[in-house]
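Asker: Next up is a structure, given as structure tokens.
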Amino acid sequence: MCDLCGKSMMSTYPQSKNFTVYCSSCWWSDGWDAMAYGREYDPSRPFLAQLKELNDAMPQVALVTNYPTLVNSEYVNATATAKNCYLIYVADECENVLYSEILLHNKDSMDGTMLRGSELCYWIISSGHCYKTFFSEDCENCQDVYFSKDLNGCSNCFGCVGLRNKSYHIFNQPYTREEYKEKIQSFGLDSDKGIAKLKERSLAFWQKYPHKFAHSLRNANVTGDYVYTSKNSRNMYVVHEDAEDSRYCQLLSMSGTRDSHDYTMWGNVAERIYECCVVGEGANNIKSSYQVWGNVRDIEYSIQAVSSSYLFGCANIRNKHFCILNKQYTEEEYRKLRTQIIQDMGGRPYVDTKGRAYRYGEFLPPDLSLFGYNETYANDFFPLSREEALAQGFSWYDAEPSQHTPTLLAKDIPDSINDIQDSLLKEIIECATCKKAFRIVPAELSLLRRFRFPIPRKCPNCRYKERMSRINPPFLYHRKCHCAGEKSENGIYTNTGTHPSHAKGEHCPNGFETSYAPERPEIVYCETCYQNEVA
């Protein structure tokens, strides 16, 4: 329940967490004043302890959304413009998109991760500008593609890998249009058992072909993975486009990041961002802050600050300038007190429960987080057990057991989508993997019937984990190209092109930084050898 208007709401904070939460409508309204929580700086105490007390006392917004631009999209978070969307995260400009994350300009799609400018896609990973592309990853500008990886400009391809501008191919073999249509009709795409077999067959087939050392396109002087149209940036991860002169940045789903360092999530014309998380949309010179956006500038050590400037240690504040701990100052007073606090942070740092000191220039300590480690995105990339998280000074949230009793086991769902009745919408299904309860929603059933694909046997969380397992983690390893001259190093793949980087029969001398760990089975080629092999 909203603690201001009393209405029922969806929230990222469970009722058991004992702090004030407002629904989006109330938090964004003029019905309360963030400055009423302001307080004087106490130079005898660590500054970050005072910021923690301020933030803990204030109303938190239930969901981080631009709620006026959401239409029939109650169950979304970290989302701007959305219409008829359900359970999407880190998204903008989406319509009728379900169970997906890291999205931009998508429509009528489901179960996607890192998807851009696409329509009518299902179970798709790290792809852009695709139409009717299913069970595929690393595809660009594709149409009517199934169970494929690393395709660009292709249409009517099934189970393929490493193709360019091809049509009517099945497992990299060409077919006539008539042969192709007849062949894919025999694959049983309406069947859950048929989909499972095709997934297994496709994954095994992809392993027989070279993989480019990094997921990248049109970069200059860039290291990292899943980085596109960027330059002069190092150790980057999932940067969709247009980063420049930056380092250690990740999950920047919108373009225009400049001169930034240690920056996680968002983008969209952001410059001079340092040690920040969830910052974007015209942000300039933001340091050591969390959830700061909307033409903001010169903000430090602040949490949930919108359309403001010259803030130091503020929380849940909008349209304010020259404030410290949510207290208003003149420009002269602000600059003088800011200088004093910075000096005090050096001599009297905040010390957490593990004895770690946080001086000026460090990111906010985990003590200030309102979430348990297992509730955060960090746990998806750096999974920890409860004991490991607590040992490192993070908190942990022990969720209450589900009160829903399954009425249908996953194994008892009809195998074919053709046999599914509307009555399934009333069933509570037990997930085939985690055994937790989930339901099929009407929009989901409608899309699956449109695609002619079977009902999923796994809950949305398990499907998400499956997609995440297909994404390379944010680690870089120095490795050598696997091209051994005429064949790959393991002898599985025979080269088809000429490789100018080395003489015929000689091992490629090129090295690179890659997110493919040394123990992984993929054949990994350098840029030159890879480009000479893709067809």
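Asker: If you go through the range 398-412 one residue at a time, do you hit one that is touching a His at 6+ places or on another chain (Cβ under 9 Å), of a type outside the set (G, A, S) and more than 25 Å from D144 (Cα to Cα)? Before the answer, list the steps.
Answerer: Let us first name the residues in the range 398-412 that are touching a His at 6+ places or on another chain (Cβ under 9 Å), namely none.
No, every residue in the range 398-412 fails to be touching a His at 6+ places or on another chain (Cβ under 9 Å), of a type outside the set (G, A, S) and more than 25 Å from D144 (Cα to Cα).
So that you can scan it fast, the table gives a plain yes or no per residue for (1) among the β-branched types (V, I, T); (2) farther than 30 Å from I286 by Cβ:
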position	(1), (2)
L189	no, yes
E200	no, yes
H211	no, yes
A214	no, no
D225	no, no
S230	no, no
T257	yes, no
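Asker: Among the residues of the range 426-482, write down those that are outside any loop (DSSP other than H, G, I, E, B), more than 24 Å from the chain's Cα centre (by Cα) and within 20 Å of I88 (Cβ to Cβ).
Answerer: We begin by selecting, within the range 426-482, every residue outside any loop (DSSP other than H, G, I, E, B); these are 426, 429-430, 437-438, 442-451, 460-468, 477-480.
Now narrow it down to the ones that are more than 24 Å from the chain's Cα centre (by Cα): 426, 429-430, 437, 442, 445-446, 449-451, 478-480.
Once the filter is applied, which keeps residues that are outside any loop (DSSP other than H, G, I, E, B), more than 24 Å from the chain's Cα centre (by Cα) and within 20 Å of I88 (Cβ to Cβ), the range 426-482 yields P442, L445, S446, R450, F451.
Asker: Now for a separate question. On the basis of being surrounded by fewer than 21 Cβ atoms within 10 Å (Cβ to Cβ) and either under 24 Å from Y516 (Cα atoms) or not assigned by TED's automatic domain parsing to the domain that holds H129 (or both), does T223 make the cut? If you could, list the steps in order and put the result at the bottom.
Answerer: On the way: surrounded by fewer than 21 Cβ atoms within 10 Å (Cβ to Cβ): yes; either under 24 Å from Y516 (Cα atoms) or not assigned by TED's automatic domain parsing to the domain that holds H129 (or both): yes.
Criteria met by T223.
Asker: Only one of I455, I471 is surrounded by 18 or more Cβ atoms within 10 Å (Cβ to Cβ), touching a residue at least 60 places away in the same chain (Cβ under 8 Å) and in contact with a Leu (Cβ under 7 Å, 6 or more places away or on another chain). Can you tell me which? Steps first, answer last, please.
Answerer: Details: I471 fails: in contact with a Leu (Cβ under 7 Å, 6 or more places away or on another chain).
None of the others qualify; the one that does is I455.
Asker: Continuing with this model, one more query. Please work out if N326 is touching a Pro at 6+ places or on another chain (Cβ under 9 Å) and buried (at least 20 other Cβ atoms within 10 Å of the Cβ). Explain how you work it out, then say what you get.
Answerer: On the way: touching a Pro at 6+ places or on another chain (Cβ under 9 Å): no; buried (at least 20 other Cβ atoms within 10 Å of the Cβ): yes.
No: the conditions fail for N326.
Asker: Taking only the range 383-423 into account, find how many residues are touching an Asp or Glu at 6+ places or on another chain (Cβ under 7 Å) and either over 17 Å from K458 (Cβ atoms) or outside any helix (DSSP H, G or I) (or both). Give the steps one after another, and end with the answer.
Answerer: First pass over the range 383-423, keeping only residues touching an Asp or Glu at 6+ places or on another chain (Cβ under 7 Å): 393, 397, 406-410, 415-418.
Among the residues that remain, those that are also either over 17 Å from K458 (Cβ atoms) or outside any helix (DSSP H, G or I) (or both) are: 393, 397, 406-409, 415-416, 418.
Total meeting the criteria: 9.
Asker: Same structure again: For the range 10-55, which positions are within 24 Å of Q340 (Cβ to Cβ) and either part of a helix (DSSP H, G or I) or at pLDDT below 95 (or both)?
Answerer: The answer is A34, M35, Y37, F47, L48, A49, Q50, L51, K52, E53, L54, N55.
Asker: Still on this model: Quickly run through the range 137-149 and pick out the residues that are in a strand (DSSP E or B) and out of contact with any helix residue (DSSP H, G or I) (no Cβ under 9 Å at 6 or more places or on another chain). Give the derivation first.
Answerer: So the first thing to find is which residues in the range 137-149 are in a strand (DSSP E or B), and the list is 137, 140, 143-146, 149.
E140, Q143, D144, V145, listed by residue number.
Asker: How many of the residues making up the range 97-117 are closer than 19 Å to L189 by Cβ, crowded, with 24+ Cβ neighbours inside 10 Å and not aliphatic (A, V, I, L, M)? Break it down stepwise before answering.
Answerer: Just the residues of the range 97-117 that are closer than 19 Å to L189 by Cβ, to begin with: 108-112.
Narrowing the set further to residues that are crowded, with 24+ Cβ neighbours inside 10 Å leaves 109-112.
So of that shortlist, the ones also not aliphatic (A, V, I, L, M) come out as 109, 111-112.
Number of matching residues: 3.
Asker: Within the range 76-87, restricting attention to residues that are at pLDDT below 95 and in a loop (DSSP other than H, G, I, E, B), which residue is farthest from Y334 (Cα to Cα)?
Answerer: Result: T81.
The values are calculated or read from the model by the stated rules, or taken from the named source; none is laboratory data. The shown structure was predicted, so the numbers you read here are calculated from the model rather than taken from an experiment. For neighbour counting, all protein chains shown are included, and Cβ atoms are generated from backbone atoms with ideal geometry for every residue, glycine included.
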